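Asks: Sharing a structure below in C-alpha cells format, with a few things to ask.
Computed from the coordinates by the stated procedures, all read-outs in this text should not be read as laboratory data. Predicted model, so just to flag it, every value in this text is computed and none were measured. Backbone-built Cβ (ideal geometry, glycine too); neighbour counts: all protein chains shown.
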Amino acid sequence: MDRVLDHPDKVLEIMRDVAEAEIMPRFKTLEAHEISEKKPGDLVTVADKESERALTRYLQSLLPGSRVIGEEAFEADPTMLDMLDAPEPVWIVDPVDGTRNFAHGKSPFTVILALVKDRVTYGGWIIDPVAGDAVWGRLGGHAHVQDASGNMNEARRPARDFADMTMTTGPKLRPRLVRAADELELPLPNLIERYRCAGREYMDIATGKIDLVRYGGLLKPWDHAAGSLIVREAGGQADGILSGAPYRVSTKLGTQSLGVAGDAKIWPTFRDLAKRADELANG
C-alpha cells in the first residue's frame with residue numbers, strides 16, 4: 001500500500017484518464033435515457049456507472065489484492081461496506097460527486113477516491129475535471145494541491161478571523177445559524193449557498209477559498225472519507241458536532257452531524273455555533 005501512497009500522481013493519472021474517457025465526453029451531452037433515479041431525487045447517469053467500472057479495474061491493477069467499494073455498486077449490494085473489516089486495503093470511490101450538477105450540465109462535480117485499511121483512511125484524492133485542479137493527502141503526510149497547469153504545492157490557507165470566514169449552508173440551516181450566533185453572541189461567518197458537491201467544498205476548504213461547512217444526515221464514506229483526511233492534513237478539522245470525534249468510515253451508515261473547519265484553531269467556536277444550530281432544529 002505504501003507503494004501507492006508514495007506515488008500519489010499515479011492515482012491522479014488514473015482519475016484524470018477515466019474522467020477524460022468516461023465523464024467529460026458526456027458532460028452537457030447526456031440523453032434522457034442516460035439519466036435515472038436511484039430513489040426520488042437521487043440521480044445517477046451512465047457516466048457514474050461507466051467511470052466507476054473503469055476506476056475499479058485500474059485501481060485493482062495498481063494495487064493488486066485491493067478491493068473497491070463504489071457508490072453505484074453499493075446501491076446494488078449494501079453489504080459491500082463489510083469489506084472495511086477485511087484485511088485487504090479498500091478503495092472507496094465516488095465516480096461523479098455532484099451528479100445532480102453534472103446531469104443538468106453544470107459544475108462543479110468531482111471524482112473522489114479514498115484508500116482505507118482497518119477503517120483508517122490513509123490516502124485521499126479529489127479532482128475537478130472541469131476546473132482541472134486536484135487535491136490529495138496522505139495520513140501524516142500533509143495535503144497537496146495541483147493546479148490546472150500541473151504545478152504541485154503543499155496546500156496552504158490564509159489566516160482569517162472567525163468573523164471573516166465563509167461557510168456554505170443550505171436554506172434550512174441558515175436561519176438556525178443566524179439565531180445561534182445571536183444567542184451565543186458569536187460572530188456569524190459569511191454564509192453562501194452550498195455547492196451541491198461535497199468534493200469541491202472539501203477542495204476549497206483545504207486551499208482556503210472557503211472555510212467552513214456542516215454536513216448532516218446519512219453521511220456516506222465516498223463523500224467524506226477522502227475530504228476529511230485532506231482537510232485535517234491541511235491543518236483543519238473534520239469532526240462530529242456532537243461527539244467531537246474525527247470522522248471515520250464505518251460498516252454502517254448512520255445519521256450524523258459533521259463539522260468541517262479549514263483551521264483547527266477556530267474549531268471550538270465553530271462547534272459551539274453548529275451544535276446550537278442543530279439543537280434549534282429539535283427545539
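Asks: Counting only Cα, what are the radius of gyration and maximum Cα-Cα distance Dmax of the chain, in Å?
Replies: Values for the chain (Cα only, Rg and Dmax): 18.2, 54 Å.
Asks: Right, something else. Putting +1 on Lys and Arg Cβ atoms and -1 on Asp and Glu Cβ atoms, find which of Thr168, Ile92, Val120 reaches farthest to the positive end of the dipole of the chain.
Replies: Thr168
Asks: What is the distance in Å between the Cα centres of the stretch 100-165 and the stretch 197-240?
Replies: Measuring centre to centre over Cα atoms gives 9 Å.
Asks: A further question follows. For the stretch 2-154, give the magnitude of the charge dipole about the Cα centre (Cβ charges: +1 Lys/Arg, -1 Asp/Glu; no others), in debye to the nearest 20.
Replies: Approximately 40 debye in magnitude.
Asks: In addition: How about the stretch 187-283: which trypsin sites (Lys or Arg not before Pro) there lie in a loop by DSSP and see at most 12 other Cβ atoms within 10 Å?
Replies: Those satisfying the criteria are Lys252.
Asks: Another question, then. Hey, got the dipole for the chain? About the Cα centre, +1 on K and R Cβ, -1 on D and E Cβ, debye to the nearest 20?
Replies: Dipole about the Cα centre, nearest 20: 460 debye.
Asks: As a test of the formula, what do you get for the chain when each DSSP H run with n ≥ 4 contributes -39,500 (n - 2.57) and the sum is divided by the residue count, at 222 nm and rounded to the nearest 500 deg cm²/dmol? Provide the component values of the computation, followed by the final result.
Replies: Details: 9 runs with 94 residues, N = 283.
Helix-only estimate at 222 nm: -10000 deg cm²/dmol.
Asks: Under 11 Å from the 7 Å Cα→Cβ point of Leu62, by amide nitrogen: which residues of the stretch 1-33?
Replies: Only 4-18 fall inside the zone, counting backbone N under 11 Å.
Asks: Can I ask one more? Take every Cα-Cα pair in the stretch 162-282 and report what % of them are more than 24 Å apart.
Replies: Looking at the stretch 162-282, the distances longer than 24 Å represent 17 percent of pairs.
Asks: Report the rotationally averaged projected area of the stretch 2-154 based on its alpha-carbon convex hull, in square nanometres.
Replies: About 9.0 nm², averaged over all directions.
Asks: Can you pull out the trypsin sites (Lys or Arg not before Pro) in the stretch 131-188 that DSSP calls coil and that have at most 16 other Cβ atoms within 10 Å? Intermediate results must be reported in sequence, preceding the final value.
Replies: Working: sites: Arg138, Arg156, Arg160, Lys172, Arg176, Arg179; in loops: Arg156, Arg160, Lys172.
Those satisfying the criteria are Arg156, Arg160, Lys172.
Asks: Distance from a point 7 Å along Cα→Cβ of Thr79 to each backbone N in the stretch 235-274: keep the residues under 20 Å and list them by number.
Replies: From the stretch 235-274, the list is 250-254.
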